[in-house]
Ligand code: CTP
């Protein structure tokens, strides 16, 4: 005859299993942040004004919401976010590799990084010496990582992009939402001093593929990040 376990032992087992299940079921989110750098000689590169603040704020908000967070970051001046998996990259090609190799297992992917659209065709060995006259750099397109993610998107994954615009904000953002097969696009006017690249605050409009259009008014990037996450994860 089987002996019955004491009640406290059964309760403990239940708690351990419950904890294990909760751990195993933690939803996974990948966020990108910051600029990329496209080298053209040993000491010079092409880049942009992104500081990574919005992406890092999103990573913190996702961690606080209980997500298993991977943050793929370009070179920025920010401290690593505690409690998340940090992946540091430099170029658009490295970001593409880091993101595409991990994205199939992700429940949510948010591309907040300002990825360079062009890179120099030739990279000089060593530091290039100046010569008389002008210099022309030949540039080639980088991969559009978000568009690739849109093509390989697994069933049920939520894919989110940012649209950094100086003109025709909503029109351009809506075009990217559709072209890149996204669930949400965060339209970000980067022509104003209180929002966009490098600022402590931001204001965005969220466009959903279901036609939703949500204005998130000016606030700290932490508040904007929490609102974006709450909306897309609802
Ligand atoms: N993006 C990307 N790979 C690139 C360029 C952009 O994944 N090579 C992503 C960005 O991370 C962002 C979205 O695409 O989530 C839109 O980026 P944005 O710079 O606003 O627009 P582009 O697609 O580059 O288009 P355009 O330069 O015409 O505005």
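Worth a mention:
- Residue ID - nearest to the ligand (Cβ to nearest atom), chosen from residues in the range 184-204 that are in contact with a strand residue (DSSP E or B) (Cβ under 6 Å, 6 or more places away or on another chain) and in a loop (DSSP other than H, G, I, E, B): 190
- Members of the range 77-109 found to be more than 29 Å from residue 234 (Cβ to Cβ) and in a loop (DSSP other than H, G, I, E, B), listed by number: 77, 79, 89, 90, 91
- Selection of the range 142-174 for residues being under 14 Å from residue 210 (Cα atoms) and without any contact (Cβ under 8 Å) to a residue 12 or more places away in the chain yields an empty set.
- Tabulated pairs, the range 80-109, first free of Cβ contacts under 8 Å to residues at least 24 places away in the same chain, second within 15 Å of the ligand (Cβ to nearest atom) and part of a helix (DSSP H, G or I), C-beta under 6 angstrom, 6+ apart or interchain: 87/98
- Residue identified as within 11 Å of the ligand (Cβ to nearest atom), at pLDDT 95 or above and surrounded by fewer than 19 Cβ atoms within 10 Å (Cβ to Cβ) among 117, 107, 77, 64: 117
- For the range 175-214, the candidate set comprises residues that are at pLDDT 95 or above, farther than 16 Å from residue 227 by Cβ and surrounded by fewer than 17 Cβ atoms within 10 Å (Cβ to Cβ); within that set, the residue that is nearest to the chain's Cα centre (by Cα) is 181.
- Selection status of residue 88, under 14 Å from the mean Cα position of the chain (by Cα) and either at pLDDT below 95 or more than 13 Å from the ligand (Cβ to nearest atom) (or both): yes
- Only residues that are exposed (fewer than 10 other Cβ atoms within 10 Å of the Cβ) and not in a loop (DSSP other than H, G, I, E, B) were counted across the range 120-139, and they come to 0.
- Failed criterion for residue 144 (all others in (1) away from the ligand (no atom under 15 Å from the Cβ); (2) under 24 Å from residue 52 (Cα atoms) hold): (1)
- Residue count, the range 147-162 (criterion: farther than 16 Å from residue 30 by Cβ, within 16 Å of the ligand (Cβ to nearest atom) and in a loop (DSSP other than H, G, I, E, B)): 0
- Checked against (1) touching a residue at least 40 places away in the same chain (Cβ under 8 Å); (2) under 25 Å from residue 28 (Cα atoms); (3) within 16 Å of the ligand (Cβ to nearest atom); (4) part of a loop (DSSP other than H, G, I, E, B), residue 181 meets all criteria but (1).
- Residue in the range 163-170 that is near the ligand (Cβ under 8 Å from one of its atoms), closer than 17 Å to residue 203 by Cα and under 14 Å from the mean Cα position of the chain (by Cα) present: yes
The values are calculated or read from the model by the stated rules, or taken from the named source; none is laboratory data. Keep in mind it's a predicted model, so treat the numbers as computed, not measured. With ideal geometry, Cβ positions are generated from the backbone for all residues, glycine too; neighbour counts draw on all protein chains shown.
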